[in-house]
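The values are calculated or read from the model by the stated rules, or taken from the named source; none is laboratory data. This is a predicted model, so every value here is computed, not measured. Cβ coordinates were reconstructed from backbone atoms using ideal geometry, including for glycine residues, and neighbour counts include every protein chain displayed. Accessible surface areas use protein heavy atoms only, side chains included; no ligands, DNA or RNA. Shrake-Rupley method; radii C 1.70, N 1.55, O 1.52, S 1.80 Å.
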Amino acid sequence: MQAYFDNSATTKCDPQVVELMNDIYANHWGNPSAMHEKGVDAENIVRRAKEQVAKTLKCERDEIVFTSGGTESNNLAIMGAALANPRAGKHIVTSVYEHPSVSNVMGRMEELGYEVTYIPVNGFGALDMGALANAIREDTVLVSLMHVNNEIGALLDIEEAGRIVKAKNPKALFHVDAVQSYGKFEMRPKKANVDMLSASAHKFHGPKGVGFLYVRKGTKLSPIIYGGGQQDGIRSGTENVPGIAGLSLAAELIYNNLPEKVNHMYELRERFIEGLLQMEGVSVNGLVGREGAPHVVSVSVRDVKAEVLLHALEERGIYVSAGSACSTHKRAKSATLTAIGLESALLDSTVRFSFCKDTTAEEIDYALDVMREMIPMLRQFTAR
């Protein structure tokens, strides 16, 4: 049996999405900027895709900018907003446990002379809202926070955060990294005072290499890619028409009966955590109820190295990750696990299981059975 539990790294592309993209590759290959029939055909595909994505956010078509994925969307939101609004100030607010596509940009912004304030989180990964309110100043140009933490599934109340940001400084822009939450939660950026929101198709059964950035109408944004001026000059480059169409179909499919899919993942998560906590020396990081995301479980196994457990599980057809997939090969200490105060002995003994709408109870039970059998043996091997 195989059990894929690395959906936070990437999901399997939906067969309907693959079929649509293949048709576009074969029959609708025009450049959307071309003025002839083939170009107009491709342009119409992009336009309809923007309309479909906008529908999921209850926003306008022109507020959607297609990108190459979550990393570019986050880079564009942070650098683009800061550089476009120099008179607003040179102060940025973020959290201590953002994804590298945000945290590494913050380091670059500091090199460019911006001051960055990092908001702490508690032992469950909840952002300190009081510290957020205190951090926002008159010269704060941008607040950038993730909706769902990619390692432990901690969930930010973006509506409360948005109220705080705009109450303290109505001119400060609020960016939400929703890469791990789009397709898991209903998104209403206008209601939450969100000015920009990032998402990536391959996190919700779409293709890799394509994402989008919601940019609220009236938000000033400088491009970080220059060229032919596509997408109103915000993001130059010939649009990835098959990928964009695949993204929009994946968005439509994932938001169809979304509450049922989310409840399914929560039930699996609760079933899995209940089994884990019965094992000696096994703990779960973050909140174990429904206060967190439905699809992420961070598991620490005392006296067993994460990479050892990962590969042992792999041999039994169970696929997990050791921390964020974006930093797996670097094996640096996890900023998230460090931020929540996880004891040092467990920092290298933590793996992430992540589910999707297609995960089954049989896969959960299989993983639990294998772990009950495997962990005592791995501990004996480590002790030697």
| task | Could you tell me which of Phe124, Ala84, Ser95 has its Cα farthest along the dipole of the range 20-166 towards the positive end, charges placed at Cβ (Lys, Arg +1; Asp, Glu -1), taken about the Cα centre? | result | Ala84
| task | Tell me which residues come under 5 Å, amide H to amide H, from Leu173 once H is placed; ignore anything under 5 positions away on its chain. | result | Leu142, Val143
| Which one of Gly281, Met196, His264 is farthest out on the positive end of the charge dipole of the range 150-292, using unit charges on Cβ (Lys, Arg +1; Asp, Glu -1) and the Cα centre as origin? | Met196
| task | Please turn the phi angles of the range 76-83 into ³J(HN,Hα) values with the Karplus equation 6.51 cos²θ - 1.76 cosθ + 1.60 (θ = phi - 60°), one per residue in order, whole Hz, x for glycine and proline. | result | 5, 4, 6, 5, x, 5, 5, 6
| field | Karplus 3J(HN,Hα) series, Hz, for the range 115-125 with 6.51 cos²θ - 1.76 cosθ + 1.60 (x for Gly, Pro) | value | 9, 10, 9, 10, 7, x, 10, 8, x, 9, x
| task | Enumerate by residue number the trypsin sites (Lys or Arg not before Pro) in the range 193-229 meeting two conditions: DSSP loop (anything except H, G, I, E, B), and at most 16 other Cβ atoms within 10 Å of the site's Cβ. | result | Lys208, Lys217, Lys220
| query | How would you classify the range 175-255 from its alpha-carbon gyration tensor, with a ≥ b ≥ c the square roots of the eigenvalues: rounded for a/c under 1.5, else prolate if a/b is greater than b/c, otherwise oblate? | reply | oblate
| said: With +1 on the Cβ of every Lys and Arg and -1 on the Cβ of every Asp and Glu, and nothing else charged, how large is the dipole of the range 1-114 about its Cα centre, in debye rounded to the nearest 20? | reply: 320
| Restricting to the chain, what percent of DSSP beta bridges are antiparallel, rounded to 5? | 50
| the range 16-63: trypsin sites (Lys or Arg not before Pro) in DSSP loop, at most 12 other beta carbons within 10 Å | Lys58
| About the Cα centre, charge dipole magnitude for the chain (Lys/Arg +1, Asp/Glu -1 at Cβ), debye | 920
| task | For the chain, state the semi-axes of the equivalent ellipsoid (square roots of 5 times the eigenvalues of the alpha-carbon gyration tensor), sorted largest first and rounded to whole angstrom. | result | 35, 27, 17
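How many Å² of accessible area per residue for the range 6-77, probe 1.4 Å?
Result: 50 Å² of accessible area for each residue.
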| Nonlocal amide H pairs with Lys305, under 5 Å, H built at 1.01 Å | none
| query | Charges only on Cβ, +1 for Lys and Arg, -1 for Asp and Glu: so what's the dipole of the range 243-363 about the Cα centre, in debye to the nearest 20? | reply | 400
| task | Count charges around Gly341 for me, please; just the other residues with Cβ under 15 Å from its Cβ, Lys/Arg as +1, Asp/Glu as -1. | result | -2
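When the accessible area of the range 234-384 is split by element with a 1.4 Å probe, what percent falls to carbon and sulfur? Mind dumping the intermediate values first?
Values: 3420 of 6710 Å².
Carbon-and-sulfur percentage of accessible area, whole number: 51.
Restrict the search to the range 105-165; then list the GluC sites (Glu not before Pro) that DSSP places in a loop and that have at most 13 other Cβ atoms within 10 Å of their Cβ. All intermediate terms of the calculation are to be shown ahead of the outcome.
Details: sites: Glu110, Glu111, Glu115, Glu138, Glu151, Glu159, Glu160; in loops: Glu138, Glu151.
Hits after loop and neighbour filter: Glu138.
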| query | Once phi is turned into θ = phi - 60°, what whole-Hz ³J(HN,Hα) does the Karplus curve with 6.51, -1.76 and 1.60 give for every residue of the range 256-268, x standing for Gly and Pro? | reply | 7, 6, 4, x, 5, 5, 5, 4, 4, 5, 4, 4, 5
| How much length is gained on full extension from Asn22 to Lys58, taking 0.36 nm per residue of separation minus their Cα-Cα distance? | 10.1 nm
| note | Once amide hydrogens are built 1.01 Å from N within the peptide plane, the residues lying 5 or more places from Thr117 or on another chain with amide H under 5 Å from its amide H are Ile92, Val93, Thr94
